[in-house]
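Single-structure report; data block below.
The values are calculated or read from the model by the stated rules, or taken from the named source; none is laboratory data. No experiment lies behind these values; they were computed from the predicted model shown. All Cβ positions, even for glycine, are placed from backbone atoms using ideal geometry, and neighbour counts span all protein chains on display. Only protein heavy atoms, including side chains, enter the accessible area calculation; ligands, DNA and RNA are left aside. Shrake-Rupley method; radii C 1.70, N 1.55, O 1.52, S 1.80 Å.
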Amino acid sequence: MNTKIMEGLTGASTSMNLLNTPMRVYKEARLKGDTATMERAAGYVGSFAGKAEEYKTEAYKGMKEEAKEARKKAEAERLEEARRRKEEREELERRIEENQNKDMDGIPEDGKTLPEDNTQNSIARTEQAIYTKTGERQAEPDTITSISLSI
């Protein structure tokens, strides 16, 4: 809350509280029929009411300024967040490119042979076995069906 808002709210509240005294005097003078005192009290009431209105206007101006500053701050935060996300995305893209380049380093230049530790080759070299329904291993499989999965 900025100073204009605080000053406006405090001033308006004080003016409204001060307005109670001349209003009470006005009512008493009306009961007595004293028009001179009524006019004087009505002048004070109008003066305090005018001051309260001025302070109210100042408080509204302060609220508009604060809203404008809040919008600027939110926009700056939004731009900062967008910049941060862009940097993160660029970093991620750089890492992905580096990883792709590392993966390409393992492939021979002729492109014909794969390294021995390749996953497909290691799967093909594993021992294959066939089990019966009871869970016993057969000595030698009659026919072995080979399933090749490409990743």
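Within the set of other residues whose C-beta is less than 12 Å from the C-beta of S13, count the net charge using Lys and Arg as +1 and Asp and Glu as -1.
On the way: positive: K51, K56; negative: E7.
With Lys, Arg at +1 and Asp, Glu at -1, the neighbours total +1.
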How large, in Å, is the range 1-51 by the Kirkwood hydrodynamic radius built from its alpha-carbon pairs? 11.7
Pair T10, N99: separation of 7 Å Cα→Cβ label points (nm): 5.9
Straight-line reach from K73: which lysines have Cα under 21 Å away, leaving out those fewer than 8 places along the same chain? K4, K61, K64, K86
How much accessible surface does M16 have with a 1.4 Å probe, in Å² rounded to 10? 100
How far apart, in nm, are the 7 Å Cα→Cβ label points at N2 and K32? 4.8
Distance (nanometres) between label positions extended 7 Å along Cα→Cβ at I130 and K72: 8.2
